Structures are given as structure tokens and as C-alpha cells.
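Rule-based calculations on the coordinates, nothing more; no lab input. Here the structure is a predicted model, which means the values were calculated and not measured. Here Cβ is always computed from backbone atoms with ideal geometry, including for glycine, and neighbour counts include all displayed protein chains.
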Amino acid sequence: MINAQILAALRTFEVASRTLSFTRAAEQLHVTTGAVSQQIKHLEAQLGFKLFERLPRGLNLTGEGKQLFVVVHKSLQDLDGCVQRLQRQMLEGQIRFRSTPSLLFKWLVPRLHLFQAGYPDIRVETFAEESLLRTEPRDFDLAIDYSFGEYRELVATPLLAETLFPVASPDYVAARDWKDPASWRDLTLLHDSMAWHEARRDAEWRYYLDKAGLEAVDSDRGHYFNRADLAMEAAAAGLGVALARGRLIDQDLNRGRLVSLLPALPSCCSYYLIHRPGALDNARIRVFFDWLRQLPDVSI
């Protein structure tokens with residue numbers, strides 16, 4: 001049986017044989033040229049025959065070296081192929097994923113093709129949920145929720161901070177004198193009535209108006225929707241002023257469908273990655289979790 005030292009050296013031999021250069025082999029293996037040379041010398045000593053002819057302008061394989069290279073090269077290819085197949089098998093299967101509808105529609109869905117390209121064997125079963133606190137933990141493997149990050153019996157990892165600012169259609173903005181305080185008091189506010197779990201229906205607008213020093217504006221007035229993106233669509237249609245979330249609005253601002261009225265302020269909530277304790281021991285869930293966390297911290 002081949003001993004461990006010979007097995008370790010055969011990888012070095014295979015690279016040196018392909019490149020016919022100890023220097024290039026060292027670069028590929030991330031070691032020094034001297035380390036490659038010493039390992040080949042030890043391998044030749046253990047095998048009892050020469051593998052390379054040292055020439056003034058490089059290396060040549062000996063007859064024995066050529067025979068050994070054919071076998072070692074094929075064996076390493078077979079081993080690499082087997083490992084890759086086993087790793088793919090570990091990742092094959094489905095992930096049950098849940099997210100708040102607005103973030104799913106505006107931020108994540110446009111990026112999912114990137115995940116599919118990198119991990120074609122993982123199927124993501126995606127559900128839109130208004131609040132994960134109303135969902136049994138066993139009903140999902142991984143989720144994104146907009147909240148304060150407080151969950152019983154679940155692990156919450158911060159994913160994205162959020163900002164808030166009022167937006168309206170260009171026509172709606174042009175039709176009003178924004179220097180007149182009455183224009184602000186008479187606004188038709190468009191609400192996400194389910195901003196987070198157990199939030200009162202005007203919670204986000206109340207929070208923003210307080211932080212912006214606009215307490216005179218009645219936060220309860222206007223129309224209510226159960227999703228932030230619906231409120232923003234209503235604003236684009238000229239119905240009133242929506243409180244936009246920065247992660248969801250870039251496209252509409254860039255296209256001129258909506259106009260920002262006031263500076264963005266940090267939201268009281270953020271987006272969190274949610275999972276059961278121990279869920280990341282599953283290779284598929286861990287891969288998707290890590291992929292979500294490495295996404296650029298920007299909107300589309």
C-alpha cells in the first residue's frame with residue numbers, strides 16, 4: 001500500500017509533470033520552487049527511480065515518469081470528478097424560502113437568476129409573507145423579514161438597513177406649493193398598513209413625521225394598503241404621497257415615475273435573515289444564506 005508521504009507528493013508530481021517546470025508548479029500550488037524540488041527529490045528516493053531529467057533549459061519526464069504521470073493524472077481527475085458529484089448531490093434539493101412581498105418583488109427576484117447560475121441544483125420555493133411572526137418556523141428553511149429583529153426560538157441575522165422618505169408623482173408634486181405649510185397638512189398620505197408585526201396602521205408615517213419635525217401633519221389621514229410597494233404604485237399613479245423604503249424605490253426614481261420630497265431618514269426597522277437554530281448545518285440552506293449575505297448592499 002502506498003504510504004501517506006508518497007500520496008501527498010503525487011499531487012506535486014502531477015502539476016510539475018503538466019507544466020514541466022518546478023517554478024510554474026510552485027505558483028499553482030502556492031508554495032516555493034524549493035519546496036517543489038525537495039518534494040520531488042523525496043518522492044524519487046522513496047520510489048527508487050528518477051521521474052525527471054534536469055536539463056539546462058527545463059525538465060523532461062523519464063520513461064518511468066511518463067508512465068506514472070498517465071496513471072496519476074487520470075486518478076486525480078477521477079477523484080476530482082467524484083468529489084464534485086458528491087458535493088452536487090449534497091446541494092441537490094429544495095429550500096423553502098419566505099420574504100416580505102415588497103422586498104421579494106423589488107429587491108430579491110431581480111437577483112435570483114444569479115443564484116441559479118451559481119447553484120443550478122438548488123430549487124428555491126419562494127413564498128411571500130406579510131409577517132413571519134405569523135408563520136410557524138417549521139414552514140420555512142430561511143426567510144427575510146422587516147422588523148426590529150426580535151424573534152422567539154429563531155435566529156435573526158441583520159441583512160439590510162433601511163431608509164424612509166416621502167415620494168409622489170411628478171404631476172402631484174408640480175400641482176402644489178410646497179412652501180405653503182397648508183400643502184403638507186392637506187396631503188393624501190399612502191400607507192403600508194402592515195409595516196411590521198403588530199404595528200398600528202399609520203406607524204411608519206407617524207415615525208417619519210416625528211423624526212422630520214412635521215408633527216402638525218395628521219399621520220392617520222389618507223389611504224391604506226397592506227404592502228409598501230402597492231402604496232408606492234398608488235403614489236406613482238398620482239393618488240397621494242407614499243413613504244418609500246430606499247431598498248425598493250431606486251428604479252422608480254431613476255425612471256422619473258416618483259420624486260423624493262424630503263431627505264431620507266433611517267428606518268426604525270431593518271431586514272433580517274431568519275432561520276431555526278441548527279438550520280445552517282444543512283448545506284443547501286447555508287449556501288443560500290451565505291449568498292444572500294454577500295449580495296451588494298445596493299438597490300437595483
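The distance linking the range 176-223 with the range 65-79 is 71 Å (Cα centroid to Cα centroid, whole angstrom). Amide H to amide H distances under 5 Å link Ala264 with no residue, where only residues 5 or more positions off or on other chains count and H is placed in the peptide plane. Based on DSSP H runs of at least 4 residues, each adding -39500 (n - 2.57), what is the mean residue ellipticity at 222 nm of the chain after dividing by all its residues, to the nearest 500 deg cm²/dmol? My calculation for the chain gives -12500 deg cm²/dmol from helical runs alone.
Largest GNM mean-square fluctuation across Pro166, Pro158, Pro110, computed for the chain with C-alpha springs under 10 Å, falls on Pro110. Please find the FRET efficiency linking Arg152 to Val83, where r is the Cβ-Cβ separation and R0 is fixed at 51 Å, and quote it to the nearest 0.05. The pair Arg152/Val83 has a calculated efficiency of 0.80.
Suppose we keep just the DSSP beta bridges with both residues in the chain; what percent of those would be antiparallel, to 5?
Details: 22 of 37 bridges.
Percent antiparallel among DSSP bridges in the chain is about 60.
Counting other C-beta atoms within 10 Å, and keeping those with at most 15, which DSSP coil trypsin sites (Lys or Arg not before Pro) do you find in the range 118-210? Each step should come with its number before you reach the end.
Details: sites: Arg123, Arg134, Arg138, Arg152, Arg176, Lys179, Arg185, Arg200, Arg201, Arg206; in loops: Arg152, Arg176, Lys179, Arg200, Arg201.
Those satisfying the criteria are Arg152, Lys179, Arg200.
The Cα-based radius of gyration of the range 163-266, divided by its Kirkwood radius, gives an Rg/Rh of 0.92.
Pop the C-beta distance of Gln116 and Gln251 into the FRET formula with R0 = 22 Å and round what comes out to the nearest 0.05.
Calculated transfer efficiency: 0.55.
Hand me the trypsin sites (Lys or Arg not before Pro) from the range 1-110 located in a DSSP loop with no more than 11 other Cβ atoms within 10 Å, in residue order please.
Values: sites: Arg11, Arg18, Arg24, Lys41, Lys50, Arg54, Arg57, Lys66, Lys74, Arg85, Arg88, Arg96, Arg98, Lys106; in loops: Lys50, Arg57.
Here the sparse-neighbourhood loop sites are Arg57.
Scanning the chain for chymotrypsin sites (Phe, Trp or Tyr not before Pro) in DSSP loops with at most 14 other Cβ atoms within 10 Å, what's the longest stretch left with none? Walk me through the intermediate numbers first.
Values: sites that count: Phe49, Phe148, Trp178.
Longest gap between qualifying sites, sites excluded: 179-300.
For the range 4-87, the mean projected area of the C-alpha convex hull, equal to one quarter of the hull surface, is 5.8 nm².
Evaluated at q = 0.20, 0.23, 0.26 Å⁻¹, a Debye calculation over the C-alpha positions of the range 126-215 (equal weights, vacuum) places log10 I(q)/I(0) at -1.05, -1.26, -1.48.
What order do you get for Cys268, Cys82 when you list them from fewest to most C-beta neighbours inside 10 Å?
Details: Cys268 17, Cys82 10.
Neighbour counts put them in this order, fewest first: Cys82, Cys268.
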